[in-house]
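Engineer: Just passing along the structure, written as structure tokens.
The values are calculated or read from the model by the stated rules, or taken from the named source; none is laboratory data. Small disclaimer: the values here were computed from a predicted structure and weren't measured. Here Cβ is always computed from backbone atoms with ideal geometry, including for glycine, and neighbour counts include all displayed protein chains. Heads up: the accessible areas ignore ligands, DNA and RNA and are worked out on the full protein's heavy atoms, side chains in. Shrake-Rupley method; radii C 1.70, N 1.55, O 1.52, S 1.80 Å.
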Amino acid sequence: MAQILDGKALAKDIKDELKVKISNWVNQGNRSPSLRCIIVGEDPASHTYVANKIQAALDVGIAADTIKYDASLSQEELLAAIDALNKDDEVDGILIQLPLPRGIDERRVCNAVAPEKDVDGFHIINIGQLSLDMPTVVPATALAVVEMLKRFKIQTFGRNAVVVGRSKNVGMPIAMMLHSDRNHDSGLGMDATVTICHRYTPREQLELFCRNADIVITATGVPKLIKADMIKPGATVIDVGITRITTEQGKTKLVGDVDYENVSKIAGAITPVPGGVGPMTVAMLMQNTFQVAQRLRQSQIEN
Ligand code: GUN
């Protein structure tokens, strides 16, 4: 049976470490890092995600607040609200929960957040810096995957990795770090040979690429896409997918992209869903928030 990569336990360790670091920083005379999460509309899953982020922030010593708007909020009103947070010296980190209601241009909104307050790493400048292996704010889910590979000591140097899913917020930044040179400035490169598969990759090609991979990372939201006969014995499988399904008994449960029951008999290491990448993403968001607060304070001292 595969080693289970327990993201919940690792996330707790990281948040405990962060709590100590933030407490030391505040004891040195700094104001607590602060985070504002904007949520527009009533999507229950989004409200749960934001509530989890706020609770995690408070747990580690970050002052955090949610700003809720009705789904009827216009794009101009949202951009004005973001502008006010950009200008507020009491605010370090800004997060706009996605998806946004139809009619609001998400790219325009992500680019409206000041890049130095962009805890999601979704601003065009932060994505550009990531693409150039420069130090930057990295999207939390991608950072969670990289941190898990590092902390669980999964070798990536010269290995074959497949990323299934090419979203700009998840698959793309994961592939970006996996293929990059570890000696470049970001320090996040992992020197793997990376193949990106997506919805138009023919099924038999997806199977071939996965079977040849030492590491399979999947982020599609398609339950049971990745089956046991697609996995090289001993490979590492990281499941970023999270889908709520209704069982035959009429109960709802969360599942990933991987046929966990069967793949875990073949893989060398595997993340569970829930309890894998999800909790790590929240921990990495907290790390990003502390990082932007430290950088902002540094630049305030320098100017
Ligand atoms: N919606 C789903 N995942 C995310 C995320 O990582 N950040 C934001 N802002 N919205 C999301």
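Engineer: Against the condition basic (K, R), surrounded by fewer than 18 Cβ atoms within 10 Å (Cβ to Cβ) and closer than 26 Å to V137 by Cα, how does R203 come out, does it pass?
Structural biologist: No.
Engineer: For region 125-136, give me the residue count where each residue is out of contact with any strand residue (DSSP E or B) (no Cβ under 6 Å at 6 or more places or on another chain) and within 15 Å of the ligand (Cβ to nearest atom).
Structural biologist: Residues in region 125-136 being out of contact with any strand residue (DSSP E or B) (no Cβ under 6 Å at 6 or more places or on another chain) and within 15 Å of the ligand (Cβ to nearest atom): 2 in total.
Engineer: I would also like to ask the following. What are the pairs, 6+ residues apart or on separate chains, where a residue within region 10-32 that is open to solvent by 60 Å² or more (accessible area, probe 1.4 Å) has its Cβ under 6 Å from a residue that is part of a helix (DSSP H, G or I)?
Structural biologist: Pairs found: K19/V60.
Engineer: For region 118-133, how many residues meet the condition of being of a type outside the set (S, T, Y) and not in a loop (DSSP other than H, G, I, E, B)?
Structural biologist: Qualifying residue count for the region: 8.
Engineer: Need pairs with beta-carbon distance below 8 Å; first residue within 20 Å of I242 (Cα to Cα) and within region 33-61, second within 9 Å of the ligand (Cβ to nearest atom) and open to solvent by 50 Å² or more (accessible area, probe 1.4 Å); sequence gap 6+ or separate chains.
Structural biologist: Note: pairs meeting the criteria are D43/P99; S46/P99.
Engineer: Taking L5 as meeting all but one of (1) in contact with a strand residue (DSSP E or B) (Cβ under 8 Å, 6 or more places away or on another chain); (2) within 16 Å of the ligand (Cβ to nearest atom); (3) closer than 24 Å to V277 by Cα, write down the number of the exception.
Structural biologist: Here L5 meets the rest and fails (2).
Engineer: So the check is Cβ under 8 Å with 6+ separation or different chains; which pairs have a first residue in region 267-288 that's among the charged types (D, E, K, R) and a second one that's open to solvent by less than 20 Å² (accessible area, probe 1.4 Å) and more than 13 Å from the ligand (Cβ to nearest atom)?
Structural biologist: Filtered contacts from region 267-288: no entries.
Engineer: Only residues that are under 17 Å from the mean Cα position of the chain (by Cα) and not in a loop (DSSP other than H, G, I, E, B): list them for region 236-281, please.
Structural biologist: V237, I238, D239, T243, V277, G278, P279, M280, T281
Engineer: Of the numbered conditions (1) farther than 25 Å from A175 by Cβ; (2) away from the ligand (no atom under 15 Å from the Cβ); (3) touching a residue at least 24 places away in the same chain (Cβ under 8 Å), A80 satisfies every one except a single condition; which is it?
Structural biologist: (3)
Engineer: To continue, here is another question. Determine which member of the set D88, D105, D43 is farther than 16 Å from N288 by Cβ, open to solvent by 40 Å² or more (accessible area, probe 1.4 Å), out of contact with any strand residue (DSSP E or B) (no Cβ under 8 Å at 6 or more places or on another chain) and within 14 Å of the ligand (Cβ to nearest atom).
Structural biologist: Residue meeting the stated conditions: D43.
Engineer: Name every residue in region 108-117 that is within 13 Å of the ligand (Cβ to nearest atom) and either in a loop (DSSP other than H, G, I, E, B) or closer than 13 Å to N169 by Cα (or both), in order of residue number.
Structural biologist: C110, V113
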